[in-house]
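Each remark here refers to the structure printed beneath this line.
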Amino acid sequence: MDTTHIIIGIVALALGFLIAKIIEKKRASGTIKNSQRAASRIIKEAKAEAETLKKDKILQAKEKFIELKLEHEKVIFSREKQMTNVEKRVRDKESQVSQELNKNKKTNQELDLKSKDYDYRLDFLEKKKREIEKVHKRHVEQLEVLAGLTAEDAKKELFTSLKEEAKADAMSFIQEQIEEAKLTAEQEATKIVLNTIQRVGVEQTVENCVSVFNLDSDSVKGRIIGREGRNIRALESSTGVEIIVDDTPEAIILSCFDPVRREVARLSMHKLVTDGRIHPARIEEIVGKTKKQISQEIAEVGKRTVIDLGIHGLHPELIKVVGRMKYRSSYGQNLLQHSREVANLCGIMAAELGLNPKVAKRAGLLHDIGKVPEEESELPHALLGMKWAEKYGEKSDVCNAIGAHHDETEMKSLYAPIVQVCDAISGARPGARRQVLDSYIQRLKDLEETAFAFTGVQKAYAIQAGRELRVIVESEKVSDDKAAELSFNISQKIQSDMTYPGQVRVTVIRETRSVNIAK
């Protein structure tokens with residue numbers, strides 16, 4: 001029984017499997033048929049689309065061909081038109097050439113006729129010329145017979161007489177012109193100088209050797225002097241100016257031959273009094289700042305002077321030199337005002353003479369720059385100024401005018417005598433200069449230079465109108481014993497080398513400082 005059931009089950013499974021295969025085969029054949037139908041449909045659609053594209057491309061190609069054909073026809077038409085124009089111009093040119101040839105034939109015929117007529121007239125003129133020469137020669141021979149001279153001798157005699165007469169007339173004319181020129185030149189020169197002097201009015205300057213510092217009250221004097229005079233000693237040592245505190249109410253006198261030192265002392269004193277803190281350390285600090293301020297002010301003064309005179313392109317170093325002139329004097333006359341006056345005079349005189357007034361002003365302003373050297377030089381101030389001007393790129397006319405205004409070099413331009421004359425005009429006015437003051441200042445400078453000649457001298461100041469020489473030495477190089485010896489040696493050198501009234505006290509100051517900074 002069990003075996004029967006197993007066989008039946010196996011047969012049932014086989015039948016089921018067979019039936020499943022048959023069903024699967026039918027489904028597969030249906031899918032294949034559907035796929036074939038879809039493929040054929042797609043192929044038909046692709047063929048139809050390809051035909052459409054083919055037709056479109058053919059139409060586009062035809063349109064492009066038509067466009068190119070039209071453009072080609074236009075080009076051909078244009079070229080044919082150009083060829084037609086060229087042929088027309090050629091035909092016109094041929095007609096013109098033929099007309100010109102016909103005209104030339106007629107002209108040649110006319111020229112042949114004229115040439116024959118010209119040759120005939122030329123022969124006729126030659127014959128007449130020969131006849132005239134024969135008649136002239138015959139007349140000359142007759143004149144030679146009558147005068148007893150040949151034609152060449154007569155010419156020489158006539159030429160000699162005319163030459164002597166012309167020479168005499170020329171000498172007489174030249175002499176008259178020279179006399180008239182001399183008279184006119186003297187009159188014109190006098191006129192130019194007088195007009196120049198009249199057109200420039202400048203205040204006469206008086207250069208003093210003292211400055212008065214005004215105080216609000218006399219109580220400030222004690223603070224300026226300080227305990228045991230230490231403040232006033234620090235001021236005098238730092239500035240090189242003698243400070244006189246006397247019974248003059250509400251005033252202190254600053255005495256020094258150098259205007260720069262006096263100005264430094266005056267400004268420093270003003271700052272100290274205004275600030276209220278007056279002690280040696282503060283004094284040295286203020287004096288150092290004031291010296292820098294004066295240096296800046298010198299540059300500003302130079303710039304303002306150059307701008308006022310309308311001078312351009314001046315080297316910065318020369319501008320500083322011009323500014324230093326404010327604090328220098330020449331025979332009691334302020335050097336900057338003198339140079340400005342000479343520059344204006346030179347500009348006016350150059351304009352009167354038809355020269356360049358700017359060049360003349362430039363030379364006039366710079367003519368005395370050799371008087372303000374930072375270091376003493378053995379060269380005369382005119383040659384030193386010329387050397388500086390050449391160094392800083394000034395023109396040859398300006399340099400020559402600077403160097404030649406005291407006849408220390410040859411004058412090579414017209415600006416040199418103008419500067420010389422204007423310098424004399426500015427300095428020759430009554431009261432403009434005082435020679436005694438200048439020689440006094442030079443004596444004080446020589447006194448200070450004598451001290452600097454010794455080793456170890458740091459600063460040297462001539463004070464009390466040259467009656468005292470205060471020398472500050474370096475403590476590292478000069479001991480106390482050497483300080484006394486140095487004082488003696490300086491006094492002996494002054495006594496042997498210099499001429500001076502009265503006595504000169506030589507004070508040598510040696511100071512040791514130890515400075516440390518707490519951080």
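The values are calculated or read from the model by the stated rules, or taken from the named source; none is laboratory data. None of the values given here were measured: they were computed from a predicted structure. Cβ: placed from backbone, ideal geometry, glycine included. Neighbour counts: every protein chain shown. These area figures cover heavy atoms from the full protein model, side chains too; ligands, DNA and RNA do not enter into them. Shrake-Rupley method; radii C 1.70, N 1.55, O 1.52, S 1.80 Å.
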Subset tally (residues that are at positive phi, open to solvent by 30 Å² or more (accessible area, probe 1.4 Å) and part of a helix (DSSP H, G or I)) for segment 225-271 | 1
Pairs where the first residue, in segment 312-327, is over 15 Å from G393 (Cβ atoms) and the second is in a loop (DSSP other than H, G, I, E, B), C-beta under 9 Å, 6+ apart = V322/L314; V322/V372; R324/V372; R324/E374; M325/D368; M325/V372; Y327/D258; Y327/V372
Residues of segment 354-391 satisfying the condition of being in contact (Cβ under 8 Å) with a residue 24 or more places away in the chain and hydrophobic (A, V, I, L, M, F, W, C) | L355, V359, A360, A363, L365, L366, I369, V372, A382, L383, W388, A389
Go through segment 358-396 and count every residue that is buried (at least 19 other Cβ atoms within 10 Å of the Cβ) and not aromatic (F, W, Y).
-> 21
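Is it fair to say V471 is part of a strand (DSSP E or B), at negative phi, of a type in the set (A, V, I, L, M) and open to solvent by 30 Å² or more (accessible area, probe 1.4 Å)?
No.
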Part of a loop (DSSP other than H, G, I, E, B), under 19 Å from G364 (Cβ atoms) and in contact (Cβ under 8 Å) with a residue 12 or more places away in the chain: does that describe L336?
-> no
Candidate set: segment 474-488, residues that are in a helix (DSSP H, G or I) and crowded, with 16+ Cβ neighbours inside 10 Å; chosen: the one farthest from the chain's Cα centre (by Cα) = K482
Give segment 266-295 a look and list any residue that's without any contact (Cβ under 8 Å) to a residue 12 or more places away in the chain and β-branched (V, I, T), or say none.
-> T274
For segment 273-294 the number of residues that are of a type outside the set (D, E, K, R) and either more than 42 Å from the chain's Cα centre (by Cα) or open to solvent by 60 Å² or more (accessible area, probe 1.4 Å) (or both) is 8
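Yes or no, residue by residue, for (1) within 30 Å of R230 (Cα to Cα); (2) of a type in the set (A, V, I, L, M, F, W, C):
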site	(1), (2)
D275	yes, no
A281	yes, yes
E284	yes, no
K289	yes, no
H312	no, no
V322	no, yes
S329	no, no
Please state which of the following conditions M325 fails to meet, knowing it meets all the rest: (1) more than 25 Å from the chain's Cα centre (by Cα); (2) open to solvent by less than 10 Å² (accessible area, probe 1.4 Å); (3) of a type outside the set (V, I, T).
-> (1)
Would you call S295 assigned to a helix (DSSP H, G or I) and within 17 Å of H367 (Cα to Cα)?
-> no
When both residues are 6+ apart or on different chains and their Cβ atoms are under 8 Å apart, which pairs have a first residue that lies in segment 472-500 and is farther than 25 Å from I441 by Cβ, and a second that is open to solvent by 80 Å² or more (accessible area, probe 1.4 Å) and in a loop (DSSP other than H, G, I, E, B)?
-> S475/E511; S475/T512; S475/R513; K477/T455
